Amino acid sequence: MSAPSLNVHGIWAIYRAEMARMMRTMLQSVATPVITTALYFVVFGGAIGSRIQSVDGVDYGAFIVPGLIMLSLLTQSISNASIGIYFPKFTKTIFEILSAPLSFGEAVIAYVGAAATKSILLALIILATATAFVPVHIQHPVWMVAFLVLTAITFSLFGFIVGIWAENFEQLAIIPSLVVTPLTFLGGAFYSIEMLPQPWRTISLLNPVVYLVSGFRWSFYGSGDVGVAASLGFTALFMAACLAVLWWIFRTGYRLKP
């Protein structure tokens, strides 16, 4: 008995529709991260950088680049994926998707793939913008791309779950704004946790974003607050958890079917 083939046409149709939605708001999608990145460099690089010359032998302006990229990557991945699946629920077109000849895996590939693609493009725009302010050196480009893609996919999966769980626009925005962004700011995005006194240094290790930022920063400068294996392990564990939750959602129809 042959294995069922992948519905490439269905996946491509949803992926193309999601990417077209981004193209309609291209000015906002591109201008916002560029302006935000410039402001971060003016505030953090100018004000704080004049007092902190370097961290772990890296110029402070260059040190914050991986944190800036990770901050945008996490929030945009969650936002893009959650909005992508929430609007079909909001407009009641989700039933067309559920009745289409698409498996739950194919639907996830399409929506999460589009969300991750948008987030990676924005991250690369931020990286290009950062090079206009400070010299950025990437010691491990392959690992940098790997962390970028894995993090984008993992948090797009998480955003997909948030979009299914949310019943209104307030719930849709509460996770990125009240959970992810604070955790990123407290996760060593703009400083090394080695600069913190005890017990805050140990408490910071309970923040999952520390592992993401540290691994991504290691790919740039060869050093981080935690080991690379721990960073990869957390990302893989969180991805597996998100896939398990999504399997349960589509199996039970949680907040998808009346």
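The table that follows gives values for the structure above.
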item	result
Radius of gyration and maximum dimension Dmax of segment 8-252, Cα, Å	18.4, 59
Anisotropy class of segment 97-217 from Cα gyration tensor, a/c 1.5 cut	oblate
Added length on full extension, which subtracts the Cα-Cα distance from 0.36 nm per residue, Ala20 to Trp247	79.0 nm
Estimated vicinal HN-Hα couplings, Hz - segment 159-170 in sequence order (Karplus 6.51, -1.76, 1.60; Gly, Pro = x)	x, 4, 5, 4, x, 6, 5, 5, 10, 7, 5, 5
FRET efficiency for Met195 and Val43, using Cβ-Cβ distance with R0 set to 25 Å, rounded to 0.05	0.85
Projected-area mean, segment 1-118, by convex hull of Cα positions, square nanometres	10.7
Along the chain, longest interval not containing exposed trypsin sites (Lys or Arg not before Pro), exposed being DSSP loop plus at most 11 other Cβ atoms within 10 Å	93-258
Inter-label distance for Ala132 and Leu205, nm, one decimal - labels placed 7 Å from Cα along Cα-to-Cβ	4.1
Per-residue [θ]222 nm for the chain (sum of -39500 (n - 2.57) over DSSP H runs n ≥ 4, rounded to 500)	-22000 deg cm²/dmol
Estimated inter-spin distance, Phe104 and Ala173, nm [label 7 Å along Cα→Cβ]	3.0
Value in Å of the Kirkwood radius, where segment 158-246 supplies the Cα pairs that are averaged	14.3
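No value in this document is a laboratory result; all are computed from the given coordinates. None of the values given here were measured: they were computed from a predicted structure. Note that each Cβ is placed from the backbone with ideal geometry, even for glycine, and that neighbours are counted across all protein chains shown.
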